[in-house]
Amino acid sequence: MSKTDATVDERIKETSKLRKALIRPELGAIVGTIAVFAFFIIFAGNSGMFNAQGVLNWSTVSAQFMIIAVGACMLMIAGEFDLSVGSMIGFAGMSIAIISVTLGWPIWVAILLTFALCIAIGALNGIIVVRTGLPSFIVTLAFLFILRGFTIFFPQLIERRTIIGGISEAAEGDWLAPLFGGKVGGGFFIWLGDLGVIEVFSRGTRAGQPVVDGIPMLIIWALGLVAIAHIILTRTQFGNWIFAAGGDAQAARYVGVPVNRVKIQMFMFTAFCACVFATCQVIEFGSAGADRGLLKEFEAIIAVVIGGALLTGGYGSVIGAALGALIFGVVQQGLFFAGVESSLFRVFLGVILLFAVILNTYIRRIITGER
Amino acid sequence: MTTEPIIEMRNIEKHFGPVIALNGVSFDIRPGECHCLLGDNGAGKSTFIKTMAGVHKPTGGEILFGGQAMHFDSPRDAMEAGIATVYQDLAMIPLMSVTRNFWMGREPVRKVGPFKFLDFKTANDVTMSEMRKMGINLRSPQQAVGTLSGGERQTVAIARAVHFGAKVLILDEPTSALGVRQTANVLSTIDRVRKTGIGIVFITHNVRHAMAVGDRFTVLNRGKTLGTAARGEITPEALQDLMAGGQEMAALEGSLGGTV
Ligand SMILES: Nc1ncnc2c1ncn2[C@@H]1O[C@H](COP(=O)(O)OP(=O)(O)OP(=O)(O)O)[C@@H](O)[C@H]1O
Ligand SMILES: [Mg+2]
């Protein structure tokens, strides 16, 4: 045997390029995405789901899911959960409303203060988890209640109601608000409208303007977060530490990875994502409601799991999570376009979740040699 | 010997709540020597080297590094000081690739403008060549550690420590899962590394392995040092008896026909 100088191992079968390309954590989500699009092209192809307005509709909803899925994905890979994301969304929105509308401070101050507050709460979640060694499931469940409680309590105490409006007026002329509520590429869409590529309004005050007047910042945030998180996770030292922290915290500590710091930072990042979601939402709606963000934590976690992440940490893909979010958005809006009873959304989602996870588990066993 | 110790551990105590794992252990390691640490299961060997590697903070005692009092707050500090360790449980992350495990904590980076990215090319090449030096030919540096055999994993851990151990290399039962050829490889690696002036702490239950490479032998028993002997001062039989607490071992050996 001349194994020591051979560069190829004779004990491994030739694997085809196709097989190699397919064996990746995102495969379940990729297959799911194709299946979902095929389904709706067949059953809702002429319903307007795939014209400019329709695409914008489901893209926006998917982008919302994506923003929180990115945070949940990074955190889950680092080995933790955050069940307080939904409550955090409600809380952040209410915080912006109270500071800008009730207190009358400029909305940029409200946004920055709210981000600082939410990231601090995220850090607190993380510190409690790493210091006490309690499961993050329990710690963040406590924050689910605490934050939701405050979100209902404060507006009632201050304004005697649970919805605070007037945010659109407060955002008028602000320098920071358009970063969350604005649109980009308006000129491009007017040009497309003029060319006849997309429809234009034929009547009313906006006659002659394209039906889609720009890409909402929400979508830009989603794509930006996905791209940055993906690069950090797969291409940097910090990304390596995130995988390590979730894969085996003790082993990671032994080789000098600051596991606690990494985990706390991922809790802060998740809070940041929730806050981006909340800010975009209140500026778009012009109001904050105490019930905003309900169940969002579970939707984020489901998108992440469809995307191939392992619930116990150490394994996953941001691209997969983004596709999971896309599946979510397309199915939710697609059933509406297809004219199907919306309760079927849940059935459909459950089926996709099951299939994607079974496929993911199979793939993961091949990649990681889990036995 | 006249050379100054790299690390000197004086009267190290370590308590885990009510458990006294170490009760005053003294030990030192000089450049270019292989100091074997021996003792029964539960004697405190792993606990002791973990205090040396910065994982545990000693409850009592002093650590001198290059003659200076030293406090390692984390394994990272110890690594920075040039101490690399192969832990008994290996400290490998099964879901991650061999390369990512190999470089964990000290990843090579490449600068692109203000950003730093992992340098996968260097990382993969070095991993493959270090593994080849240890007699293991990996299928791919990207394969997950979970797909490796137990001995292959152990070899990755050893190759990693050898690569990063600038001053001291600590090996906690590195040969427990290895085949004949790989064991011989590890022993000759110890010899090769020692000749470069690095101090090696070698924990093993195998007296023959200890005798093959050891310069000094320290035996721990129930958290205390039973004594330190230099090569030539002690016979393998005496060492074996010391490790197992003498008498009982002789009786056991009799019943097994002297095969142990
Ligand atoms: N984290 C801990 N908490 C409580 N007790 C511990 C801890 N780590 C070690 N011990 C105890 O300290 C004692 C020494 O353990 P240690 O792992 O150092 O033994 P060892 O000499 O390495 O044994 P082996 O040869 O089996 O590896 C044991 O009784 C063990 O139960
Ligand atoms: Mg041990």
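Computed values, structure above
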| quantity | calculated |
| --- | --- |
| For B:ARG160: the one exception among (1) at the interface with chain A (Cβ under 9 Å from one of its Cβ atoms); (2) buried (at least 22 other Cβ atoms within 10 Å of the Cβ); (3) more than 12 Å from the chain's Cα centre (by Cα) | (3) |
| Set A:LEU124, A:LEU117, A:LEU112: member being touching a Leu at 6+ places or on another chain (Cβ under 8 Å) and surrounded by 13 or more Cβ atoms within 10 Å (Cβ to Cβ) | A:LEU112 |
| Residue that is without any contact (Cβ under 8 Å) to a residue 12 or more places away in the chain and either surrounded by 24 or more Cβ atoms within 10 Å (Cβ to Cβ) or in a loop (DSSP other than H, G, I, E, B) (or both), where the choices are A:GLU341, A:GLU297 | A:GLU341 |
| Candidates B:GLY61, B:GLY42 - the one that is more than 24 Å from B:ILE190 (Cβ to Cβ), among the small types (Gly, Ala, Ser) and within 16 Å of ligand 2 (Cβ to nearest atom) | B:GLY42 |
| Any chance B:THR51 is buried (at least 19 other Cβ atoms within 10 Å of the Cβ), polar (S, T, N, Q), within 16 Å of ligand 2 (Cβ to nearest atom) and more than 7 Å from chain A (Cβ to nearest Cβ) | yes |
| Residues of segment B:73-109 satisfying the condition of being of a type in the set (Val, Ile, Thr), farther than 20 Å from B:LYS57 by Cβ, outside any helix (DSSP H, G or I) and more than 7 Å from chain A (Cβ to nearest Cβ) | B:VAL86 |
| For B:ILE158: the one exception among (1) within 16 Å of ligand 1 (Cβ to nearest atom); (2) not in a loop (DSSP other than H, G, I, E, B); (3) not polar (S, T, N, Q) | (1) |
| Yes/no for B:ALA177 being over 24 Å from A:THR234 (Cβ atoms), within 16 Å of ligand 2 (Cβ to nearest atom) and either more than 8 Å from chain A (Cβ to nearest Cβ) or surrounded by 19 or more Cβ atoms within 10 Å (Cβ to Cβ) (or both) | yes |
| Tally of residues being within 14 Å of another protein chain (Cβ to nearest Cβ) and either basic (Lys, Arg) or within 17 Å of the chain's Cα centre (by Cα) (or both) across segment A:293-349 | 6 |
| Complete set of residues in segment B:180-210 that are away from ligand 1 (no atom under 16 Å from the Cβ), under 22 Å from B:GLY42 (Cα atoms) and either surrounded by fewer than 23 Cβ atoms within 10 Å (Cβ to Cβ) or not aliphatic (A, V, I, L, M) (or both) | B:ARG208 |
| Test: residue in segment B:12-26 that is within 16 Å of ligand 2 (Cβ to nearest atom) and within 14 Å of chain A (Cβ to nearest Cβ) | no |
| Residue count for segment A:255-269, restricted to those that are among the polar types (S, T, N, Q) and either surrounded by 24 or more Cβ atoms within 10 Å (Cβ to Cβ) or within 14 Å of another protein chain (Cβ to nearest Cβ) (or both) | 1 |
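Coordinate-derived values only; no laboratory data. For clarity, every value in this text was computed on a predicted model and none was experimentally measured. Cβ sites come from the backbone with ideal geometry, for glycine too, and all protein chains shown count toward neighbours.
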